[in-house]
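The values are calculated or read from the model by the stated rules, or taken from the named source; none is laboratory data. Quick caveat, the model's predicted, so the values are computed rather than measured. So basically every Cβ, Gly included, is an ideal-geometry build from the backbone, and we count neighbours across all protein chains shown. The protein model used for the area step is the full one, side chains on, heavy atoms only, and it has no ligands, DNA or RNA in it. Shrake-Rupley method; radii C 1.70, N 1.55, O 1.52, S 1.80 Å.
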Amino acid sequence: MHDARIFREQVELLRDGMRRRQKLDALAPVIDCGLALDLERRSIIQAVEERKAARNASSQEVARRKKAGEDADDLIASGRALGEQIQKLEEELAASEVELRDILLGLPNLTLPDVPEGGEEANRIVRTWGEPRPSDGVKPHWEIGEQLGILDLQRGAKISGSGFIVFRGLGARLTRALMNFFIDVHVREHGYEEVWVPVVVNRASMTGTSQLPKFEDDMYALKEEDLFLVPTAEVPVTNLYRDEIVDASTLPRGFVAYTPCFRREAGAAGKDTRGLLRVHEFDKVEMVRYCTPEQGDEEHERLTKHAESLLERLGLPYRRVLLAAGDTGFGAARCYDLEVWAPGVGKWLEVSSCSTFGDFQARRANIRYRPAQGEKPRFVHTLNGSGLAFPRVIAAILEHYQLEDGHVTVPEVLRPYMATEVL
RNA sequence: GGACAGGUGGCCGAGUGGUUUAAGGCGCACGCCUGGAAAGCGUGUGGUGGGGCAACUCACUCGCGGGUUCGAAUCCCGCCCUGUCCGCCA
């Protein structure tokens, strides 16, 4: 969320940011509306506060007179009139504030200057690692997975519906291995604090990280309780310190959590949905970082490298893509996608999104730090990245490490967790 | 789910309609004192929003949201959270 001040102080910057995202046509009228509402709101505030000051003074005078045994009926009458005016103005103010907040909650973040303008076609591959294996003779993961008895899509669909997966035997163990391997690396080598968090969260948390209000239709919800299944651990983990002022000496700091992730993927049906490519429930280890504004860029690079290091240890060829403004998520200021090569399906699969949000989430979630004793609190910067999402990593392993006989070599780093060298 | 008790500043804690416009204490910061420190003494000490170049000033803020009143931490209603007991339970 932006500071409302952006309307009166930097509206051109805001317009330009929306243009870079290719959203200006849709959002220009919204921005104009925000500008007008901010003006209106401040003028009402002045009117109402003027009257409140008068009422406060009058009430004190009433108290003084009563104590002195004097008559105060005239003041009580004028106070009543003031009260009526105040009530009316406050109703107007509340309406205008709700409208302004709705607008602010619906505006995407500004992207950083190094983010390319435009849509998906302007995404930029900034580095590649490893030799992509040629696709010749490599079967897609869903064939190999079913063949090896480690993937059971049929029964997943029976139990829950399409897009829900059953892993069996070594497939189930592989999921457990990835969870432990990823978390162990982040905790032991990258300095993250391991956290285990709820996967059902309230509306305030979902709003804090900017899934709500705009993307409510994409979320699984428990309507009776007004609770939501998390689409990513980003939500509960970033919200750990919602409405708090964190100790500046702890920054930068990182948290890592495993959670299942639930996504309705409304409207995505039919597109790259076979096998493990796009499912409604999947598992992921997520890194979340808090830092100061000054540390933001450096932290974004660090976070992204933490995710890349996992792919390198797994020996899976990948590329890092800097997303163009129009392809960058709603709340992000800059986002790198990590895409792993899957020779069986012949595609680069997104296995991690590493984003920096600036203070966009922190303002919504009210997460602050005090730079130094006696100074005003400032919003932290928040970052998060998958480290990593399991299903597509599993797909890449089943394809990249596929043997001619249909078995699959287990990446060396996973062998201590798997107790086997081959699937 | 039911019953009861609670929720006041960084922390403790007083406060049942008007010098409480939140006492007092702890902590913290600064100053005095000291060779240096402790103790002691003094001063200061939250957040949000509005106005102002600024000094400053106004409003709001006692879990949250409404209501009553000229005036609410205080009275009324709803909700949330915490604790204890009961019920249920991996």
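Using a simple spin-label model with pseudo-atoms 7 Å out from Cα toward Cβ, A:Asp405 and A:Ser309 lie 3.7 nm apart. Computed from phi, the 3J(HN,Hα) profile of segment A:182-193 under the Karplus parametrisation 6.51, -1.76, 1.60 (θ = phi - 60°) reads 4, 5, 4, 4, 5, 6, 7, 10, 9, x, 8, 8 Hz, with x in place of Gly and Pro.
Annotation: the antiparallel percentage among DSSP beta bridges lying fully within chain A is about 90.
Length gained on full extension, A:Ala419 to A:Ala372: 11.9 nm, using 0.36 nm per residue less the C-alpha separation.
For A:Ala68 and A:Asp226 in the same chain, what is the full-extension length gain: residue separation times 0.36 nm, less their Cα-Cα distance, in nm?
Values: separation 158, 0.36 × 158 = 56.88 nm, distance 5.45 nm.
Using 0.36 nm per residue and subtracting the Cα-Cα distance, I get 51.4 nm.
Heavy-atom accessible surface of chain A, averaged per residue, reaches 47 Å², computed with a 1.4 Å probe.
Across the cross-link table entries A:Lys214/A:Lys284; A:Lys158/A:Lys223; A:Lys139/A:Lys214, which are compared at the Cα atoms, the separations over 30 Å belong to A:Lys139/A:Lys214.
For segment A:120-418, what is Rg from Cα atoms divided by 2.2 N^0.38 Å, rounded to two decimals?
Working: Rg = 19.2 Å, N = 299, 2.2 N^0.38 = 19.2 Å.
Against the compact-globule rule of thumb, the ratio is 1.00.
Here the peptides A:310-316, A:246-252 are ranked by packing, the mean other Cβ count within 10 Å, and the order with the highest first is A:310-316, A:246-252.
Evaluated at q = 0.12, 0.15 Å⁻¹, the base-10 log of the normalised Debye intensity for segment A:297-419, with identical point scatterers placed on the Cα atoms, takes the values -0.56, -0.75. Give me the distance between the Cα centres of segment A:24-82 and segment A:223-287, rounded to whole Å. Using only Cα atoms to place each centre, the spacing works out to 43 Å. Would you calculate a helix-derived [θ] at 222 nm for chain A, using -39,500 (n - 2.57) for each DSSP H run of n ≥ 4 and dividing by the full residue count, to the nearest 500? Here the helix-only value at 222 nm equals -13500 deg cm²/dmol.
Quick check: the distance between the Cα centres of segment A:333-408 and segment A:137-169, to the nearest angstrom? If we compute the Cα centre of each part, the gap is 25 Å. Compared with the alpha-carbon gap, the fully stretched path from A:Glu265 to A:Asp3 is longer by 91.3 nm at 0.36 nm per residue. Over chain A, with every protein chain in place, what whole percent of the accessible area is carbon and sulfur at 1.4 Å, could you tell me? Carbon and sulfur: 48 percent of the exposed surface of chain A.
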